[in-house]
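Accompanying notes for the structure given below.
The values are calculated or read from the model by the stated rules, or taken from the named source; none is laboratory data. These numbers were taken from a predicted model, which means no experiment stands behind them. Note: ideal-geometry Cβ built from the backbone for every residue, glycine included; neighbour counts use all protein chains shown. Calculation scope for accessible area: heavy atoms of the full protein, side chains included, ligands and nucleic acids excluded. Shrake-Rupley method; radii C 1.70, N 1.55, O 1.52, S 1.80 Å.
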Amino acid sequence: MAWTYLFVAGILEIAWAVGLKYSDGFTRLNVTIPTVTAMAASFYFLAQAIRVLPIGTAYAIWTGIGAAGTAVAGMILWQESREVARLLCLLLIITGIIGLKLTAKG
């Protein structure tokens, strides 16, 4: 169950990062409230995951999911760069996430 919690926490991190962009510096209340809720939920699920998983592994995977997912969201939603070097770097992050998962105890 800990891995499921960690995955949900990572997805929520992507959600709040995207929401942060749309909140316009927390000036749009209708976007700010769900964004802050997603932040809190992301931390909650991360906290549940680290009850079982090593903190270093869980935190690295959580931030990796958030970073890679938010970068992909930026490419889709805001037409951010899709150059090959950037895609290769994202692939390295994803490879690192998979490696940490495969070598983790818990």
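Restricting attention to region 1-56, the residues being of a type in the set (A, V, I, L, M) and under 15 Å from the mean Cα position of the chain (by Cα) number 18. Are any residues in region 75-94 more than 19 Å from Ala60 (Cβ to Cβ) and either in contact (Cβ under 8 Å) with a residue 24 or more places away in the chain or basic (Lys, Arg) (or both), and if so, which ones? Leu77, Trp78, Arg82, Arg86, listed by residue number.
Report every pair of residues separated by at least 6 positions or lying on different chains whose Cβ atoms are under 6 Å apart, first residue within region 29-40 and closer than 13 Å to Val18 by Cβ, second in a helix (DSSP H, G or I) and open to solvent by 60 Å² or more (accessible area, probe 1.4 Å). Final answer for the pair search is Val31/Tyr22; Thr35/Leu20. Only residues that are over 21 Å from Met1 (Cα atoms), charged (D, E, K, R) and surrounded by 13 or more Cβ atoms within 10 Å (Cβ to Cβ) were counted in region 83-106, giving 1.
I need the full set of residues from region 37-60 which are farther than 20 Å from Thr103 by Cβ and open to solvent by less than 70 Å² (accessible area, probe 1.4 Å), in order please.
Step one: of region 37-60, the residues farther than 20 Å from Thr103 by Cβ are 37-45, 47-48.
Result: Ala38, Met39, Ala40, Ala41, Ser42, Phe45, Ala47, Gln48.
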